[in-house]
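Coordinate-derived values only; no laboratory data. Note that this is a predicted model, so its numbers are computed, not measured. Neighbour counts are summed over all protein chains in view; Cβ atoms, including those assigned to glycine, are modelled from backbone coordinates with ideal geometry.
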Amino acid sequence: MTRQEQDQDPTGAVGGLAAGDPSVRLRAALAVGTTPDPRLVDALVERCAVEPEFHVRDMLTWALTRHPAELTVPRLLGELRSARAQARGQALHTLSKIGDRRAWPAITRELLTDADDEVARSAWRTAVLLAPEEEQPRLAEVLSTQLGRGRRETRLSLSRALVALGEVIEPVLRAAMADPDPGVRTHAGATERLLRDPEAGFEFAIEEAKRVVALGAGGQEG
């Protein structure tokens, strides 16, 4: 290792983050988070984009939250433009953990409607956490365009994000419950049920919404 490389990676953490053994990578991320080093922020962010193990990615995110937001947030915002879906999704997840509202303008419609479900779900969660109150109605409108999307986990994530916005979502849910697509109507109805009764399970809310949609279609769910 050259002197320059030693200066940039004094503890060998960068090498540990790229090790073949996930337990080594986990320990390296833990070490960086335990003893934050601004010189390693880029390495942490870069590793987030390619790390295959969920528990290691979670530790990388934790390590980033241990560094000053002034260093991490600009670097993470740059990742939101990456062509790699994991880079976008993990950057969004980490921004949600940091909670710096200055990141809000970077949560674009493109991210909220990203073709990758994991990226979109991360964008929904992050947007709800960071959106200023005056932006919440517009956010609800964008999120409502995703009703009916994907499988159960994706739909549940969207419902939770919408419900977290509170009563501001009621107009967009009413509009969605008149949508020609029965899948959209069902998802909107289930979300409205969860808004009224947060203790109701998602499956129960979905089944109730399906019955309402079927009755509204003259007994045909379509």
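Calculate, in nm to one decimal, what Ala200 and Glu153 gain on full extension: separation in residues at 0.36 nm each, minus their alpha carbon distance.
So the chain would gain 15.3 nm between Ala200 and Glu153.
Sort 101-108, 158-165 for me by packing, meaning the mean count of neighbouring Cβ atoms within 10 Å per residue, highest on top.
Packing order, densest peptide first, comes out as 158-165, 101-108.
Per residue Cα convex hull volume for the chain, in cubic angstrom?
So the per-residue Cα hull volume is 131 Å³.
For the range 60-109, take every pair of Cα atoms, bin their distances at 10 Å starting from 0, and report each bin as a whole percent.
27, 62, 11
Rank the residues Val50, Val32, Val45 as a footprinting-exposure proxy: fewest other Cβ atoms within 10 Å of their Cβ go first.
Val50, Val45, Val32
Could you state the per residue volume, in Å³, of the convex hull enclosing the Cα atoms of the range 137-222?
Once divided by residue count, the hull of the range 137-222 is 79 Å³.
Quote the FRET efficiency, to the nearest 0.05, computed for Val24 versus Asp179 with a Förster distance R0 of 41 Å and r equal to the Cβ-Cβ distance.
It comes out at approximately 0.25.
For the chain, with the dipole built from +1 on Lys and Arg beta-carbon atoms and -1 on Asp and Glu ones, taken about the Cα centre, which of Ile169, Pro38, Gly89 lies farthest toward the positive end?
Pro38
Neighbour counts of other C-beta atoms within 10 Å: give me Asp100, Asp197 arranged from fewest to most.
Asp197, Asp100
Give the average over all directions of the projected area of the C-alpha convex hull of the range 120-165, one decimal, in nm².
2.7 nm²
Relative contact order of the chain: what whole-number percent is it, with Cα pairs under 8 angstrom and at least 6 residues apart?
11 percent
So what are the ³J(HN,Hα) numbers for the range 94-101, from phi and the Karplus equation (6.51, -1.76, 1.60; θ = phi - 60°), rounded to whole Hz, Gly and Pro as x?
5, 4, 5, 6, 6, x, 7, 5
Toward the positive end of the charge dipole of the range 137-222, about the Cα centre and with charges on Cβ (Lys, Arg +1; Asp, Glu -1), which of Ile206, Pro180, Thr154 goes farthest?
Of Ile206, Pro180, Thr154, it is Thr154.
Per-residue HN-Hα couplings for the range 133-145, Karplus 6.51 cos²θ - 1.76 cosθ + 1.60 at θ = phi - 60°, whole Hz, x for Gly and Pro?
Couplings: 4, 5, 8, 5, x, 5, 4, 4, 5, 5, 4, 5, 6 Hz.
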